[in-house]
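Working notes, structure below.
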Amino acid sequence: QKEVEQDPGPLSVPEGAIVSLNCTYSNSAFQYFMWYRQYSRKGPELLMYTYSSGNKEDGRFTAQVDKSSKYISLFIRDSQPSDSATYLCAMSGQGAQKLVFGQGTRLTINP
Amino acid sequence: DGGITQSPKYLFRKEGQNVTLSCEQNLNHDAMYWYRQDPGQGLRLIYYSQIVNDFQKGDIAEGYSVSREKKESFPLTVTSAQKNPTAFYLCASREDSFSGNTIYFGEGSWLTVV
């Protein structure tokens, strides 16, 4: 079993829809949770960063962490074609030298 | 501007040749990483370094080598021993490993073996 599981998709939704992207994990030591967005042929860029449980909102993006269920989510409201990309979740524990990444979910927003 | 610079962006190599990918950062970050990404796949860690003159193998180090002689530089050499070197290579850096700081990526280097 992988430490972090993420459905690779592909996921295709119409413009304006609310998108929900998710990751599950097995290591209860994880405390830091990140979402990266990667456009085709580009390096991943940090989208959201959350410590421990709770919600964090930034514009149209909301990150949620439920440590009791070992489940994290990224919501995109009013999705735009420019949101079409691969979204990677990542996480680490306190003092961990490495991040653990999910496989990435490929998302397409159709105009 | 602060950031991570990878070069070259695209590189073609003949079988049996070694090639070195450059990674430079001016973020004053202690830790640096090299990842490999194959089409439709996630990131796989090749090597990482927490401080100058020290580095550790990641999950797929065979056929690769690195050096960390300067804080800002972490070059990756893809040797002829690497069986399937054609891939997208990503360099990343992190302020430190102790406070959960996140990592930041360069724009990547595409290596094609011909």
Surrounded by fewer than 19 Cβ atoms within 10 Å (Cβ to Cβ), touching a residue at least 12 places away in the same chain (Cβ under 8 Å) and either over 25 Å from A:Glu15 (Cβ atoms) or among the hydrophobic types (A, V, I, L, M, F, W, C) (or both): which single residue out of A:Phe101, A:Phe61, A:Phe33 fits that description? A:Phe61
Quick count over the stretch A:70-97, residues being within 23 Å of A:Gln31 (Cα to Cα) and either of a type in the set (Asp, Glu) or in a loop (DSSP other than H, G, I, E, B) (or both), is 5
Being touching a Lys or Arg at 6+ places or on another chain (Cβ under 7 Å) and hydrophobic (A, V, I, L, M, F, W, C) is the filter; apply it to the stretch B:1-31 and report the residue that is nearest to A:Lys98 (Cα to Cα). B:Ala31
Filtering the stretch A:73-101 down to residues that are within 14 Å of chain B (Cβ to nearest Cβ) and of a type in the set (A, V, I, L, M), which residue is farthest from the chain's Cα centre (by Cα)? A:Ala96
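To keep it simple, each residue is scored yes or no on (1) in contact (Cβ under 8 Å) with a residue 40 or more places away in the chain; (2) within 10 Å of chain A (Cβ to nearest Cβ); (3) assigned to a loop (DSSP other than H, G, I, E, B); (4) surrounded by 18 or more Cβ atoms within 10 Å (Cβ to Cβ).
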position	(1), (2), (3), (4)
B:Leu11	yes, no, no, no
B:Thr20	yes, no, no, no
B:Asn28	yes, no, yes, no
B:Tyr48	no, yes, no, yes
B:Asp59	no, yes, yes, no
B:Leu90	yes, yes, no, yes
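Laboratory data are not the source of any read-out in this text; all were calculated from the coordinates shown. Since the model is a prediction, treat every value here as computed from it, not as a measurement. As a convention, Cβ positions derive from the backbone with ideal geometry for all residues, glycine included, and neighbour counts pool all protein chains shown.
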